[in-house]
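Asker: Right, I'll just put the structure down here and ask away after.
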Amino acid sequence: MNLHLTRRYRFSASHRLHSAQLGEEENKRVYGKCNNPYGHGHNYVVEVAVSGPVDPATGMITNLSDLDAFVDREVIEPFDHKYLNEEVAEFHGHVPTTENLCIEIFNRLREFPRAKLQRVRVEETGNNSFEYMGESAGSGQ
Amino acid sequence: MVYLTRKIEFSASHLYHNPAFSAEENRRVFGKCNNPHGHGHNYVLEVTVAGDPDPATGMVLDLKELKDILQREVTDRMDHRFLNYEVPELSGRIPTCENIATVIWNLLESKITQGHLHRVRLYETPDLFVDCYGNGTGDAR
């Protein structure tokens with residue numbers, strides 16, 4: 001039986017979209033308001049989907065307390081109420097668009113030991129969301 | 001191929017308890033979900049059927065028929081029930097979201113004769129859901 005379990009998490013953070021590879025005017029043109037110099041914030045929602053066999057003794061793919069603790073340690077604690085550009089080392093010199101954020105969250109969670117990470121979906125707002133399934137997946141979706 | 005999804009809701013109670021575990025082990029593994037009198041959720045079920053529209057009707061399947069199947073197989077069986085004691089398909093299994101979604105898949109799969117069952121998505125809360133694809137991969141085909 002092919003089962004995927006998905007859990008939703010939330011964190012709030014600020015970011016500024018600015019590429020060192022573009023000039024000042026070009027940054028303004030490409031990123032618009034998102035290039036404003038002091039950044040701005042979002043209430044991000046992160047959906048984490050994992051798969052694996054169901055343990056007959058527990059009825060679970062993974063104990064949610066294990067998944068929650070892992071996501072809390074790897075993503076929520078380091079990102080919540082932070083300025084992503086400055087306070088998350090991976091975004092030094094790397095634009096923290098939600099595309100890049102989604103990939104970064106996937107990479108931080110891929111070693112979850114209790115189940116296979118299938119998908120990370122990040123909602124930047126209720127109207128924008130991004131999904132990443134790793135490099136080898138997603139082509140058939 | 002078109003994917004048609006119908007949503008229903010039902011409310012039910014459950015508890016997690018494995019008789020092979022000691023009281024302490026049950027408490028450690030299942031936490032609050034092991035409270036002896038159980039607790040409940042408003043479950044939301046999304047059932048997705050894949051198929052090509054019948055040229056004569058323009059429909060993958062008659063929604064009224066799907067509605068009746070869901071009423072008979074799921075709502076009548078599970079709504080306002082204590083899942084551990086009142087749903088025989090779950091007896092001897094921990095009624096986790098994973099196991100309930102699997103039972104629902106097994107109840108529905110053979111009843112859907114126009115198109116085929118593609119996915120059963122069961123929300124236990126808005127922040128936790130399980131997708132069951134039977135033995136399929138979940139890829140759009």
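Here, each number is a calculation from the coordinates, and none is a lab measurement. A quick note: this is a predicted structure, and the numbers were derived from the prediction, not measured. Note that we place each Cβ from the backbone using ideal geometry, even for glycine, and neighbour counts take in every protein chain shown.
Asker: Taking a threshold of 22 Å on the Cα-Cα distance, which of the pairs A:K116/B:K111; A:K116/B:K32; A:K116/B:K7; B:K7/B:K64 fall above it?
Answerer: Distance filter (> 22 Å) returns A:K116/B:K111; A:K116/B:K32; A:K116/B:K7.
Asker: Magnitude of the Cβ-charge dipole of chain B, K/R +1 and D/E -1, about the Cα centre, nearest 20 debye?
Answerer: 220
Asker: Using helices alone, I'd like the mean residue ellipticity at 222 nm for the protein assembly as shown: each DSSP H run of four-plus residues gives -39500 (n - 2.57), total over residue count, nearest 500.
Answerer: After summing the helix terms and dividing by residue count, I get -6000 deg cm²/dmol.
Asker: Quick one: putting +1 on the C-beta of Lys and Arg, -1 on the C-beta of Asp and Glu, what dipole do you get for the range A:4-132 around its Cα centre, in Debye to the nearest 20?
Answerer: With Lys and Arg at +1 and Asp and Glu at -1, about 260 debye.
Asker: Can you tell me the dipole magnitude for the protein assembly as shown around its Cα centre, using point charges on the Cβ only (Lys, Arg +1; Asp, Glu -1), in Debye to the nearest 20?
Answerer: Here the size comes out at about 340 debye.
Asker: How many partner chain Cβ atoms sit within 10 Å of a residue's Cβ in peptide B:95-101, on average, as a whole number?
Answerer: Neighbouring Cβ atoms belonging to other protein chains average 6 per residue here.
Asker: In the P(r) worked out for the range A:4-132, what percent of Cα pairs fall beyond 22 Å?
Answerer: Working: 3256 of 8256 pairs.
In whole percent, the share of Cα-Cα pairs in the range A:4-132 beyond 22 Å is 39.
Asker: Still on this structure: Could you state the number of Å between the C-alpha centres of the range B:57-121 and the range B:1-20?
Answerer: Comparing the Cα centres of the range B:1-20 and the range B:57-121, I get a distance of 8 Å.
Asker: Hey, if you put +1 on the Cβ of every Lys and Arg and -1 on every Asp and Glu Cβ in the protein assembly as shown, which of A:P56, A:H92, B:L108 ends up farthest toward the positive end of that dipole?
Answerer: B:L108
Asker: Please list, ordered by chain and number, the residues whose modelled amide H lies under 5 Å from the amide H of A:R119; skip anything fewer than 5 residues away on the same chain.
Answerer: So A:R119 has HN proximity to A:A49.
Asker: For B:129-136, what's the mean count of beta carbons from other chains sitting within 10 Å of each residue's beta carbon?
Answerer: Mean inter-chain Cβ contacts per residue within 10 Å come to 5.
Asker: If a/c stays under 1.5 just call it rounded; otherwise compare a/b with b/c (prolate if a/b is bigger, oblate if not). Do that for the protein assembly as shown, with a ≥ b ≥ c from the square roots of the Cα gyration tensor eigenvalues.
Answerer: The shape class here is oblate.
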